[in-house]
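J.: Just dropping this structure here.
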Amino acid sequence: MGRENFGNRFGVLVAMAGSAVGLGNLWRFPYLAGTNGGAAFILLYLVFVFILCIPVMYSEFLIGRRSGANAIGAFKTLAPGSKWGIVGLLGVLASISILAFYSVVGGWTIDYMVKAFQFRFTVTDNAVLEGMFAESISSVYEPLLYTAVFLALTAFVVLAGVKNGIEKYTKVMMPLLFLLVIIVAIRSVTLPGAAAGISFLFKPDFSAITTDTVLDALGQAFFSLSLGCGCVITYGSYVKKDEHIMKTSAMTAAADTLFALIAGLAVMPAVFAFGISPSEGPGLVFITLPHIFAQIPFGGVLAILFFFILFIAAITSSISLLEVVVAYLSEEFRIKRAWSVFAGVAGVACLSVLCSLSQGVLADVRIFGLNFFDFFDKLSANIFMPLGGFLIVIFVGYKLGRKAFESELTNDGKLRVATWLLNFTFFSIKYITPLAIGVIMLNGLL
Ligand code: PFF
């Protein structure tokens, strides 16, 4: 069977943005910014996105498109007989470990969507909302059930394939998502007392920066842009040869970053206006937003819409993660797509159970001092993804080399890209990006 491609240019962009924009923007970014002191963290994150992540994104994209293969097959195709396939394997493992906790949070969004349908968000007492969140995530069966539903829906879309599944669904959902987050952000910044939250987001306090903060910001930049785990390689492999890699990457990064900032504006001013602690942790969005909805006209309906969007944002990202695993299994082992989906989801589900239960009955089981959920989160965002990105730029800079880099980014000379831009990008891929990622990782981990 021939490989599928994305149908058109808009479809590619939407699928890439759909992967990038997700719980990382709406759930992870606000709470990490909150626990890492706000503006200084955000500034670092922005610097990392534009200086380090964009070269990684070009590199992944060009590896995918040039090889036309899955995350591991891509390295085997471009560097036959070498050990580079290990980088792809690292990506597949990263995708599995992200899906393990991502699907649990995806389950929480379904849970909150159901609560919104029952019009449960009429309370404005922080303690009650905190209690509601704690209870929702710590019980045994309900979160497991919602996680299972989330994974099943992810599998359903991936099963439908690239053009009919991924592209079709994402195209409708992404623009809608954008609109709704803007509406919530407008409400949040106009709340009385919102100003403190806005300055928390935009007035940096550099004394709050530690080596952990720097690694967290790098990890978040990678996580948010879906980098270093084979996802952009896999999506890149479905892209036709006339696509402008640099333009699509830059637009994806811009959309994702804009989204994160708007999500910050939707959450943080309200956090301050309601006297919630910005360092509340993973519950931040789930505690703050119901509070907003309880206090605004048509809040009940907005709550339904919002948790629906959060769920959609999560699904369009989780399908890209599952696709990494499915493309690998179906191409490298020549297994039917349906069986690959089944095997991928079954493997992930085992880990998801641990992540979900670690919010309750398994809370005391620790790996390196972290519960399962936090372990998979930190392992993927702060280790696997930056490490993957590091190895990917090394691969492009030193193994593929300048000629392949240039021919891929200019579509064999058909696109005109300024020479200085190509020079600068390649220099960054060869020296700046690997060096910076290496230093930040060593500093943060040692
Ligand atoms: N970028 C997604 C988010 O911000 O929610 C998460 C993600 C998706 C990470 C796909 C990695 C990936 F391959």
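The values are calculated or read from the model by the stated rules, or taken from the named source; none is laboratory data. Quick caveat: nothing in here was measured; it's all calculated off a predicted structure. Cβ: placed from backbone, ideal geometry, glycine included. Neighbour counts: every protein chain shown.
J.: Give region 358-373 a look and list any residue that's surrounded by fewer than 19 Cβ atoms within 10 Å (Cβ to Cβ) and either within 16 Å of the ligand (Cβ to nearest atom) or under 19 Å from W108 (Cα atoms) (or both), or say none.
T.: Once the filter is applied, which keeps residues that are surrounded by fewer than 19 Cβ atoms within 10 Å (Cβ to Cβ) and either within 16 Å of the ligand (Cβ to nearest atom) or under 19 Å from W108 (Cα atoms) (or both), region 358-373 yields G360, V361, L362, A363.
J.: Another question about this same structure. If you go through region 177-225, how many residues are within 30 Å of N443 (Cα to Cα) and within 16 Å of the ligand (Cβ to nearest atom)?
T.: Counting residues in region 177-225 that are within 30 Å of N443 (Cα to Cα) and within 16 Å of the ligand (Cβ to nearest atom) gives 10.
J.: Pairs under 9 Å by beta carbon, first residue touching a residue at least 60 places away in the same chain (Cβ under 8 Å) in region 195-211, partner hydroxyl-bearing (S, T, Y), six or more apart or different chains?
T.: G197/S188
J.: Let me ask something else about it. For G228, all conditions in the list (1) away from the ligand (no atom under 16 Å from the Cβ); (2) buried (at least 18 other Cβ atoms within 10 Å of the Cβ) hold save one; what is the number of the exception?
T.: (1)
J.: Taking V267, is it away from the ligand (no atom under 12 Å from the Cβ), under 30 Å from A71 (Cβ atoms) and touching a helix residue (DSSP H, G or I) at 6+ places or on another chain (Cβ under 7 Å)?
T.: no
J.: Hey, which of the helices (runs of 4 or more DSSP H) in region 81-163, taking only ones fully inside, have at least 3 residues that are within 24 Å of K378 (Cβ to Cβ) and among the β-branched types (V, I, T)?
T.: Correct list: 85-117.
J.: Before we move on, is V105 loosely packed, with under 15 Cβ neighbours inside 10 Å, touching a residue at least 60 places away in the same chain (Cβ under 8 Å) and among the hydrophobic types (A, V, I, L, M, F, W, C)?
T.: no
J.: Moving to a separate point now. Exactly one condition in (1) closer than 26 Å to A15 by Cα; (2) at pLDDT below 95; (3) more than 16 Å from the ligand (Cβ to nearest atom) is not met by W339; state its number.
T.: Going through (1) closer than 26 Å to A15 by Cα; (2) at pLDDT below 95; (3) more than 16 Å from the ligand (Cβ to nearest atom) one by one, W339 breaks only (2).
J.: Being over 17 Å from L400 (Cα atoms) and away from the ligand (no atom under 11 Å from the Cβ) is the filter here, so list the residues in region 71-95 that pass it.
T.: Correct list: L89, L90, L93.
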